[in-house]
Amino acid sequence: MPKSTKPTKSEPTPLDIVRPLIRVRQMRDFVGKRVTNAEMEAITEVARWSGSSRNEQPLRFIALRDKATIKQVAELGLPQTRGLPNASAAIAIVVPNEPERELSRAFDDGRAAERILIAANLLGLGGGISRVRPDVREGINEVLLLPPNRSVRTIVAIGHPSPDALERKAAPGTARLPRERVIYEECWPGDDSP
């Protein structure tokens with residue numbers, strides 16, 4: 001008796017598996033719907049598990065849900081914080097004030113910010129990373145009641161993306177330089193490469 005031949009689902013390619021990461025992008029326009037406690041807990045848990053130089057775990061995170069606080073921080077940090085006013089939540093990434101470790105702390109800070117952005121996206125939310133300029137850090141630090149040995153350099157706005165935020169900003173396949181102009185095999189391709 002012959003076996004029935006059902007179509008089999010093809011195995012996903014490595015690119016298929018990582019495609020959700022490719023689709024993550026900055027969003028700075030949100031609708032008023034609140035981010036739930038469970039969503040914020042999940043996102044902050046991802047932040048907490050972000051790697052750090054020498055596993056020192058120097059970062060601390062302040063989950064912001066109060067609209068007045070978010071607005072106050074946004075106003076202090078403009079124009080970089082322009083995505084905060086209509087976000088229903090934000091996460092301030094707090095780093096130690098250590099001038100001698102500025103570079104490694106910036107690396108840790110960036111890793112955590114990107115993971116927060118990815119976590120928000122995986123939950124169907126949007127996020128936008130804002131860098132806090134040195135000239136406005138003191139004011140933001142005061143709003144968040146930070147001790148003098150800590151500072152905020154990055155804040156991630158989080159919310160439900162507006163229809164405008166969800167629209168593509170470029171035609172499919174045109175948002176990045178072509179692969180052959182960015183990815184090289186084994187060595188730099190020559191002096192004339194951009």
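The values are calculated or read from the model by the stated rules, or taken from the named source; none is laboratory data. Note that this is a predicted model, so its numbers are computed, not measured. Glycine gets a Cβ as well: all are built from the backbone with ideal geometry, and neighbour counts include every protein chain shown. With ligands, DNA and RNA removed, areas are computed over all heavy atoms of the protein, side chains included. Shrake-Rupley method; radii C 1.70, N 1.55, O 1.52, S 1.80 Å.
I'd like the full set of residues that are in a helix (DSSP H, G or I) and either of a type in the set (Ser, Thr, Tyr) or over 20 Å from residue 90 (Cβ atoms) (or both), limited to segment 154-183. Reasoning before the result, please.
Our first condition is that a residue be in a helix (DSSP H, G or I); within segment 154-183, this holds for 163-166, 179-182.
163, 179, 180, 181, 182 - these are the residues of segment 154-183 that are in a helix (DSSP H, G or I) and either of a type in the set (Ser, Thr, Tyr) or over 20 Å from residue 90 (Cβ atoms) (or both).
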message: Return the pair list, or none, for Cβ contacts closer than 7 Å from residues in segment 159-178 that are touching a residue at least 24 places away in the same chain (Cβ under 8 Å) to residues that are of a type in the set (Ser, Thr, Tyr), at least 6 apart or on different chains.
response: 159/88
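Which of the residues that make up segment 120-131 are in a helix (DSSP H, G or I) and either surrounded by fewer than 23 Cβ atoms within 10 Å (Cβ to Cβ) or over 9 Å from the mean Cα position of the chain (by Cα) (or both)?
The initial filter retains those residues of segment 120-131 that are in a helix (DSSP H, G or I), namely 120-122.
Within segment 120-131, 121, 122 qualify.
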message: For segment 138-148, give me each residue that is open to solvent by 40 Å² or more (accessible area, probe 1.4 Å) and not hydrophobic (A, V, I, L, M, F, W, C).
response: 138, 142, 147, 148
statement: Residue count, segment 74-102, condition of a type in the set (A, V, I, L, M) and more than 19 Å from residue 31 (Cα to Cα), comes to 6
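Search segment 11-52 for residues being among the hydroxyl-bearing types (Ser, Thr, Tyr) and in contact with a Lys or Arg (Cβ under 8 Å, 6 or more places away or on another chain), and hand back the single one that is nearest to residue 167 (Cα to Cα).
Our first condition is that a residue be among the hydroxyl-bearing types (Ser, Thr, Tyr); within segment 11-52, this holds for 13, 36, 44, 50, 52.
Adding the requirement that they be in contact with a Lys or Arg (Cβ under 8 Å, 6 or more places away or on another chain) leaves 50, 52.
Numbers: 50: 29, 52: 34 Å.
Ranking the candidates gives 50 first.
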